[in-house]
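Shown next, in structure tokens, is the structure this report addresses.
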Amino acid sequence: VAVTAGQCVYRDSSTSNQLRLAQKDGTLAESQAIGLALNAAAAGQPCKVQTSGNINLGATLTVGETYIVSAAAGGVAPIGDVSTHYVTLLGVAISASILQMGINIAAVAHA
């Protein structure tokens, strides 16, 4: 699939480990983000992925807020958006634009 810089991605083992857009309301595998895309890429093209450390999302974040994989494919959402879907923590905002990544794949659905 086409990827935009800053989107959450997971590795799809059913398609020779190609990257796909992660989302919490899909299957368990789709919720298991490995990181955030660092560049835009068309389907089948290479994409660099950051898996830890600080990343500038180019978006307005709330300092101290914990962010998770969103229900929207590839999206990032605040922890308050948790619902009955699978939870994957992405990190904590340390400034209005920087996310300190610390991916934690819970592999369980929120009750």
In sequence order, what are the phi-derived ³J(HN,Hα) couplings for the range 84-100 according to the Karplus relation 6.51 cos²θ - 1.76 cosθ + 1.60 with θ = phi - 60°, rounded to whole Hz, with x for glycine and proline?
7, 9, 5, 10, 10, 6, 9, x, 10, 6, 9, 7, 6, 9, 9, 9, 8
What does the accessible area per residue of the chain come to in Å², with a 1.4 Å probe and no ligands, DNA or RNA counted?
50
Percent of accessible area on the chain owned by carbon and sulfur, 1.4 Å probe?
52
Label point distance in nm, Ser83-Ala2, each placed 7 Å from Cα along Cα→Cβ
2.6
At 222 nm, what helix-only mean residue ellipticity would the chain give, in deg cm²/dmol to the nearest 500, using -39500 (n - 2.57) for each DSSP H run of four or more?
-500 deg cm²/dmol
With each label point set 7 Å from Cα along the Cα-Cβ vector, what nm distance links Ser52 and Ala71?
3.2
Considering just Cα atoms, how many Å³ per residue does the convex hull of the chain enclose?
84
Which of Gln50, Gln23, Gln32 fluctuates most in a GNM of the chain (C-alpha springs under 10 Å)? That residue is Gln50
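The values are calculated or read from the model by the stated rules, or taken from the named source; none is laboratory data. Bear in mind the structure is a predicted one, so any value in this text is a computation, not a measurement. Note that we place each Cβ from the backbone using ideal geometry, even for glycine, and neighbour counts take in every protein chain shown. Calculation scope for accessible area: heavy atoms of the full protein, side chains included, ligands and nucleic acids excluded. Shrake-Rupley method; radii C 1.70, N 1.55, O 1.52, S 1.80 Å.
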